[in-house]
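Enquirer: Handing you a structure now.
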Amino acid sequence: MRATILHAPGDIRVEEVPDAAIEQPTDAVVRVVAGCICGSDLWPYRGLNAATPPRTIGHECIGVVEEVGSAVRSVRPGDFVIVPFCHSDNTCPHCRAGVQSGCSNLGFTVSGQAEYARVTQADGTLVALVGVPDEHLVPSLLTLSDVMPTGWHASVAARVKPGDTAVVVGDGAVGLCGVLSAVLQGAEQVVALSRHAPRQEVARAFGATHVVAARGEEAVAAVRELTGGLGADAVLECVGTSESMDTAIDCARPGATVGFVGVPHGVEIDAGRLFRRNVALAGGMAPVRAYLPQLLDLVLDGRIDPGQVFDSTIDLADVAEGYRAMDERRAIKVLVRP
């Protein structure tokens, strides 16, 4: 099969590799209909993640079940499925507590930017649709494999409630989905921190009431001004850098929670700082499977259209250009068609 391979920082190629195959009775193989490039893929692309190339890359995809292992009962070949990026059995104690991203049998999609992907724990992971979805739904359905549930998780972790003022730090696809999530969860004011006009437009389309085109101390000052000096009731941290975490904490009012879902890079948490300001910190890797049924219904009912985060669609053969476009912030999120 053709798959995206990371050879070295900045070196992405599409090459022939062995087909994804059943390795365990609980596996399924999915023919990828659509995959995409994630902001977190840029960390190894930039050489900021420890990685041992060459290796396949890509953890977001949707598609059609091609083959299932002997123990799989919930899906069958021909089913159109959403593939959560983190695979879970959905039966272990952690899964039953709603933390499928901490599953005792946790697995991950590793060839979402390819023609086929192996899914471990297929019964507990895959969610099948009835029939084949309309083409216009594909982008929004694809967001359900990661970025929409991750933005939702940031809002849940930040404990957004009706009437709140929520601040979203980060204007990538996850941050934009965080804006949409905070709106859906009842925030009265949603402040998106963004300096890029195309991302600001999506944030507003998703319901942001204010956009702050500043960073660091200037952004914090703007949030304080918008909130009468109080700070935000809930803050969604959707980047993962030390600067973004500092901004998120400084935007929070006493008693607020920062929901963090950006993969941390160089972030050091000062517990004393949180203690003195009575600011809580919660979040982590999103339990996609826990949120998927609700979010899927919202997409199929036409109540949300998170697929607006995709502003570029390319063929698999052109995936290297997709990485360059996202790395240079010429694209918000790139959809990849095998």
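The values are calculated or read from the model by the stated rules, or taken from the named source; none is laboratory data. Given the structure is predicted, the values throughout are model-derived calculations rather than measurements. All Cβ positions, glycine included, derive from the backbone under ideal geometry; neighbour counts span all protein chains shown. Surface areas here come from the heavy atoms of the whole protein model, side chains and all, with no ligands, DNA or RNA. Shrake-Rupley method; radii C 1.70, N 1.55, O 1.52, S 1.80 Å.
Enquirer: Give me the percent of the accessible area of segment 1-157 that comes from carbon and sulfur atoms, probe 1.4 Å, all protein chains in place.
Expert: Here it works out to 52 percent.
Enquirer: Would you work out if segment 91-178 is rounded, prolate or oblate? Take a ≥ b ≥ c from the square roots of the eigenvalues of the alpha-carbon gyration tensor; rounded if a/c is under 1.5, else prolate when a/b is larger than b/c, oblate otherwise.
Expert: The shape class here is oblate.
Enquirer: Then there is this: Along the charge dipole of segment 1-157, Cβ charges K/R +1 and D/E -1, which of PRO44, PHE80, THR120 sits furthest on the positive end?
Expert: Of the candidates, PRO44 comes out farthest on the positive side.
Enquirer: So what is the relative contact order of the chain, in percent, for Cα pairs below 8 Å that sit 6 or more residues apart?
Expert: Result for the chain is 18 percent.
Enquirer: Calculated FRET efficiency, ALA282 and GLU217, Cβ-Cβ r, R0 35 Å, to nearest 0.05?
Expert: That gives a FRET efficiency of 0.90.
Enquirer: Still on this model: Report, in deg cm²/dmol and to the nearest 500, the calculated mean residue ellipticity at 222 nm for the chain, where each DSSP H run with n ≥ 4 adds -39500 (n - 2.57) and the sum is divided by the residue count.
Expert: Using -39500 (n - 2.57) per qualifying helix, the result is -8000 deg cm²/dmol.
Enquirer: How much length is gained on full extension from ARG337 to ALA71, taking 0.36 nm per residue of separation minus their Cα-Cα distance?
Expert: Difference between extended and current length: 92.8 nm.
Enquirer: Any idea what the dipole of the chain comes to, in debye rounded to 20, about its Cα centre with Lys/Arg Cβ at +1 and Asp/Glu Cβ at -1?
Expert: Using only the charged Cβ atoms, the result is roughly 720 debye.
Enquirer: Let me ask another. Restricting to Cα pairs below 8 Å that are 6+ residues apart, what does the relative contact order work out to for segment 174-246? Please round to a whole percent.
Expert: Rounded, it is 30 percent for segment 174-246.
Enquirer: At 0.36 nm per residue, minus the direct Cα-Cα distance, what do ARG329 and ALA197 gain on full extension? Give it in nm, one decimal, please.
Expert: Result for the pair: 46.4 nm of gain on full extension.
Enquirer: Determine, from the Cβ-Cβ distance of GLN294 and ALA205 and an R0 of 25 Å, the FRET efficiency 1/(1 + (r/R0)^6), rounded to the nearest 0.05.
Expert: Result of the calculation: an efficiency of 0.75.
Enquirer: Further, regarding this structure: Report the extension gain between PHE108 and LEU274 in nm, rounded to one decimal, defined as 0.36 nm multiplied by the number of residues separating them, less their alpha carbon distance.
Expert: 56.5 nm
Enquirer: Residue by residue through segment 89-98, what is 3J(HN,Hα) from phi via Karplus (6.51 cos²θ - 1.76 cosθ + 1.60, θ = phi - 60°)? Round to whole Hz and write x for glycine and proline.
Expert: 6, 6, 10, 5, x, 5, 5, 5, 8, x
Enquirer: Between ALA320 and ALA21, how many nm apart are label points set 7 Å from Cα along the C-beta direction?
Expert: Each label point is offset 7 Å from its Cα along the Cβ direction, giving 2.9 nm.
Enquirer: Follow-up question, since we're still on this one. Given R₀ = 41 Å, FRET efficiency for ARG13-GLU243 by Cβ-Cβ distance, to 0.05?
Expert: The computed FRET efficiency comes out at 0.80.
Enquirer: 7 Å from Cα along Cα→Cβ at both HIS136 and ALA51: what's the point-to-point distance in nm?
Expert: It is 3.6 nm.
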